[in-house]
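What follows is a set of notes on a single structure, which appears directly below.
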Amino acid sequence: MKNVLEIICKSIIILILLFTLTVCKKKNYKTTINGNVLDYYSKNLIPNIDLHIINSVVDPSNPHLRQTDSYDQGNWLINTQADINGTFAFAFDNIKYDQCHLVICNDTLVSDIKYFVSIGHENLIYVYVKRLKLLKLHLKNLSNIYDRISLNTKIDNDFDEFNSPFTVKFNCGIMVNGYNNDTIIFRKTIPDGLCRISYILYKQNSIKADSIFDIHIDNTADTFTYNLFY
């Protein structure tokens, strides 16, 4: 009789544990995200804009291996959209990645921060976006000394602990030949950051001069013009 009671008690304990685990699993089965999209500067709501859930690591088994180009469409796991009031609300089943972030990136707007998403929990996120600017580089040979210029631009913004996607995506490496060169180049940039420009001047395949300098990009204009005369 004692053995029967022990078996019954153990069975009850096991059932209670299984029930508890099931309830907890159901409770954390969904990840919900609610929030608003706002202009970083004016704090006005931004309507009808797409948002993307990205994988924050290349390999879930190696949390130290960061995804270096998380704004690439190939890394978007889930897409949603803010409504006409700039509000978004959606939920999804837990995905296999333990570390995910929310970003905005299109031809004109970008969130230069990746917003952390807690998987299996409710998330309230206010996403701030900045409007991309154009850097207009005017290259003109005025000296007739140099017959070639090699130019590289690098956008370097403060993208929390991740690398800026624009450091790679909008790199500009060009070679312009000719004594009478007069060239204009456009590059997209993110305001409140620096654009590093480096160039090398050649004469008959020999390096004659080189320089590196930074241009600060602010939010005062849509297009910034920089003249590089040599």
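The values are calculated or read from the model by the stated rules, or taken from the named source; none is laboratory data. Since this is a predicted model, take the numbers as computed values, not measurements. Counting neighbours? That spans all protein chains shown, and the Cβs are built from the backbone with ideal geometry, glycine included.
For the reader, a short list of remarks on this structure follows.
- Whether a residue is surrounded by fewer than 16 Cβ atoms within 10 Å (Cβ to Cβ) and at pLDDT 80 or above was assessed, and Phe186 passes this test.
- Among (1) closer than 22 Å to Asn44 by Cβ; (2) touching an Asp or Glu at 6+ places or on another chain (Cβ under 7 Å); (3) of a type outside the set (Gly, Ala, Ser), the one test that Asn79 misses: (1)
- Residue in region 125-146 that is modelled with the lowest pLDDT, counting only those that are outside any strand (DSSP E or B) and buried (at least 18 other Cβ atoms within 10 Å of the Cβ): Leu132
- Any hit, region 91-106, residues being modelled with pLDDT of 85 or more and outside any strand (DSSP E or B): yes
- Here is the figure for region 79-90: residues that are part of a loop (DSSP other than H, G, I, E, B) and surrounded by fewer than 16 Cβ atoms within 10 Å (Cβ to Cβ) total 3.
- Yes/no for Ile53 being of a type in the set (A, V, I, L, M, F, W, C), at pLDDT 70 or above, surrounded by fewer than 17 Cβ atoms within 10 Å (Cβ to Cβ) and outside any loop (DSSP other than H, G, I, E, B): no
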